[in-house]
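Structure, as C-alpha cells:
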C-alpha cells in the first residue's frame with residue numbers, strides 16, 4: 001500500500017471516530033445534520049474500502065462542513081450566554097467616544113507642578 005494512501009486512510013479513520021463520538025455525545029444538538037453526517041461517514045468508509053484516495057480526500061473535506069456547522073451549534077450558545085458586565089473573569093475592552101473619554105493626566109501633572117512651584121515660593 002502506498003504510504004500516502006495509508007496516511008490518508010489513517011486520517012480518515014480518525015475523522016470517522018471523532019464524527020461518531022460527536023454524534024453520540026452531542027445528540028441533542030445534532031438535529032437535521034445527523035443524516036448528512038452519517039451519509040458522509042458511510043461514503044468515507046466506502047472510499048477507504050475501495051482504496052480511492054481522491055474520494056477519501058474529497059469526502060473528508062465534505063464531512064468537515066456539517067461537522068463545523070455542528071460545532072457552531074454546540075459552542076455558540078454558550079459563548080452568547082456570558083454577559084461581560086456580570087462576569088468576574090471576563091476582560092472587556094472598548095473605546096469611548098472622544099467626548100466621553102477621560103481627560104489626560106497631563107493637566108493633573110501641570111496642576112501638581114503649579115502647586116509644587118507655589119510651595120517653593122512660600123518657603
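Rule-based calculations on the coordinates, nothing more; no lab input. Predicted, not measured: the structure shown is a model, and the values here were computed from it. We place every Cβ from the backbone using ideal geometry, glycine too, and count neighbours over all the protein chains shown.
Multiplying the residue separation of residue 62 and residue 46 by 0.36 nm and removing their Cα-Cα distance gives an extension gain of 4.3 nm.
Taking other C-beta atoms within 10 angstrom as a stand-in for reagent exposure, 17, 51 fall in the order 17, 51, fewest first. Arranged from fewest to most other beta-carbon atoms within 10 Å of their beta carbon, 71, 28 become 28, 71.
Here's the picture: a label point sits 7 Å out from the Cα of residue 69 along the beta-carbon direction, and within the range 10-48 the residues with their amide nitrogen under 18 Å of it are 19-20, 22-24, 26-44. In this rough spin-label picture, where each label sits 7 Å from Cα along the Cβ direction, the residue 32-residue 7 distance is 3.8 nm. When 36, 65 are arranged by Cβ crowding within 10 Å, least crowded first, meaning fewest neighbours, the order is 65, 36. Note: relative contact order over the range 3-83, using C-alpha pairs below 8 Å and six or more positions apart, is 37 percent.
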